[in-house]
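Contents: one structure, followed by commentary.
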Amino acid sequence: QAKDEGRNTLAFFDPRMQARLFSRARLEADLRHALAHDEWRLYYQPQVNADGRLIGVEALLRWAHPERGLLSPGEFIPLLESTRMINEVGAWVLECACEQLAVWQAESRTASWEMAVNISPAQFVEADFVPRVEAILQRTGAPASRLKLEMTETLFVEAEDRLREKMQYLRGLGVRFSLDDFGTGYSSLAYLAYLPLDQLKVDQSFVRELPESRSNGAIVESIMALAGSLGLAVIAEGVETHAQYEWLAARRCGAYQGYLFDCPLPVAELEACWRGA
Ligand code: C2E
Ligand code: MG
Ligand code: MG
Ligand code: MG
């Protein structure tokens with residue numbers, strides 16, 4: 001009896017669990033501080049065509065934490081999503097990315113660069129998501145036709161009625177859509193025909209084991225064939241080696257992103273390395 005009680009007490013005050021709770025609470029407080037103190041940064045990772053020329057970038061969020069340094073999205077996006085703070089931060093990301101796009105548009109050497117921005121399902125389902133994007137485009141003067149929104153298949157699971165309408169409206173403005181991490185979600189293939197998508201982004205987990213893995217090779221070939229017959233473009237993410245690039249290029253993959261070309265960079269470094277390249 002006493003032993004059982006002791007066990008329960010122990011389980012309740014499990015120090016590891018408590019540490020986790022503390023760090024979550026701490027992280028949440030830090031995130032609120034970050035919102036008010038300008039601690040967000042956007043990094044830009046090149047996306048290149050088969051000739052290795054830059055066609056655009058993906059904006060990737062970083063958090064310049066005052067004590068812990070530069071943090072990657074994996075460390076804070078889940079908490080942002082679960083607290084709905086993602087809407088506020090997501091609006092900042094879009095605004096910052098569109099301001100940058102407008103700057104690039106004004107200079108001939110960067111005018112053709114496209115900007116891909118990640119959008120969480122929690123952002124997309126917000127009632128004012130569409131007018132928010134439209135207002136940001138107007139305010140910044142960014143060319144809508146160079147903005148690409150990256151969404152994931154998890155959005156389809158939420159079975160949002162107005163998803164297609166929202167996408168169609170934005171597409172009417174010129175905005176395009178890419179389906180990120182493709183092949184790792186649980187969506188029905190019917191969505192690929194139903195939604196106004198422009199690009200499939202082959203998940204890096206499939207690319208990682210090329211060219212050795214026959215099964216991953218078969219999956220990537222199928223994705224490329226599927227995209228081709230649906231009239232969708234394809235980009236491979238997580239391309240790290242020449243062998244991966246060559247395997248993909250031999251199958252006429254149109255676009256590439258990965259450490260082989262460059263990692264996500266602050267804007268000054270991106271421009272220094274890629275403007276005029
Ligand atoms: P993602 O959109 O699939 O972005 C690709 C991730 O792969 C990035 O990680 C990028 O740095 C990393 N990566 C790029 N090339 C390579 C490579 O060759 N090898 C490997 N192993 N990794 C590579 P990052 O920046 O840590 O972002 C992680 C995820 O966080 C993103 O995955 C995206 O889902 C999310 N995320 C990033 N920025 C934002 C944002 O502004 N808003 C939202 N909602 N989500 C974001
Ligand atoms: Mg992405
Ligand atoms: Mg991805
Ligand atoms: Mg991802």
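Values quoted throughout were computed directly from the atomic coordinates according to the rules given, and no laboratory measurement underlies them. Since the model is a prediction, treat every value here as computed from it, not as a measurement. Neighbour counts run over all protein chains shown; Cβ positions are idealised from the backbone, glycine included.
Side notes on the structure shown:
- Amide H contacts of Glu114 (H built 1.01 Å from N, in plane; Pro and chain starts excluded): Gly56, Val57 sit under 5 Å, all sequence-distant by 5 or more or on other chains.
- Amide H contacts of Glu150: Val117, Asn118, Ile119, Ser178, each under 5 Å away and 5 or more positions distant or on a separate chain (H built 1.01 Å from N in the peptide plane; Pro and chain starts excluded).
- Farthest positive-ward along the range 119-273 dipole, Cα basis, beta-carbon charges - from Tyr169, Val130, Leu192: Tyr169
- Degrees, to the nearest 10: 214-230 long Cα axis against longest axis of the chain: 60 degrees
- For the chain, built as a Gaussian network whose Cα springs stay under 10 Å, the top-fluctuating residue of Ala36, Ala236, Ala50: Ala36
- Helix axis angle, 129-140 relative to the chain longest principal axis, alpha carbon, degrees: 60 degrees
- Working from label points 7 Å from Cα in the Cα-to-Cβ sense, the Glu28 to Arg41 distance is 2.8 nm.
- Each label was represented as a point 7 Å from its Cα along the Cα-to-Cβ direction; for Ala64 and Arg252 these points are 4.6 nm apart.
- Taking amide hydrogens as placed 1.01 Å from N in the peptide plane, the amide H of Leu200 sits under 5 Å from those of Leu179, Ala233, Val234, Ile235, each at least 5 positions away in sequence or on another chain.
- Top of Gly228, Gly238, Gly254 by mean-square fluctuation, Gaussian network on the chain, Cα under 10 Å: Gly228
- Charged-residue dipole, Cβ positions (Lys, Arg, Asp, Glu), the chain about Cα centre, Debye nearest 20: 100 debye
- Among the GluC sites (Glu not before Pro) within the range 173-277, those in coil by DSSP and having at most 15 neighbouring Cβ atoms inside 10 Å are Glu209, Glu212, Glu240.
- C-alpha long axis of helix 15-37 to longest principal axis of the chain, angle in °: 50 degrees
- Distribution of pairwise C-alpha distances over the range 25-122, 5 Å bins, in %: 2, 12, 22, 22, 15, 12, 8, 5, 1, 0
- Cα-based shape type of the chain, given that a ≥ b ≥ c are square roots of the gyration tensor eigenvalues and the cut on a/c is 1.5: prolate
- Three-way shape label, the range 67-210, alpha-carbon gyration tensor, a/c 1.5: rounded
- Per-residue ³J(HN,Hα) for the range 242-253, Karplus 6.51 cos²θ - 1.76 cosθ + 1.60, θ = phi - 60°, Hz, x for Gly and Pro: 4, 4, 5, 4, 5, 4, 5, 5, 4, 9, 6, 5
- Here the Gaussian network model covers the chain, with springs between Cα atoms less than 10 Å apart; of Leu94, Leu27, Leu232, Leu27 fluctuates the most.
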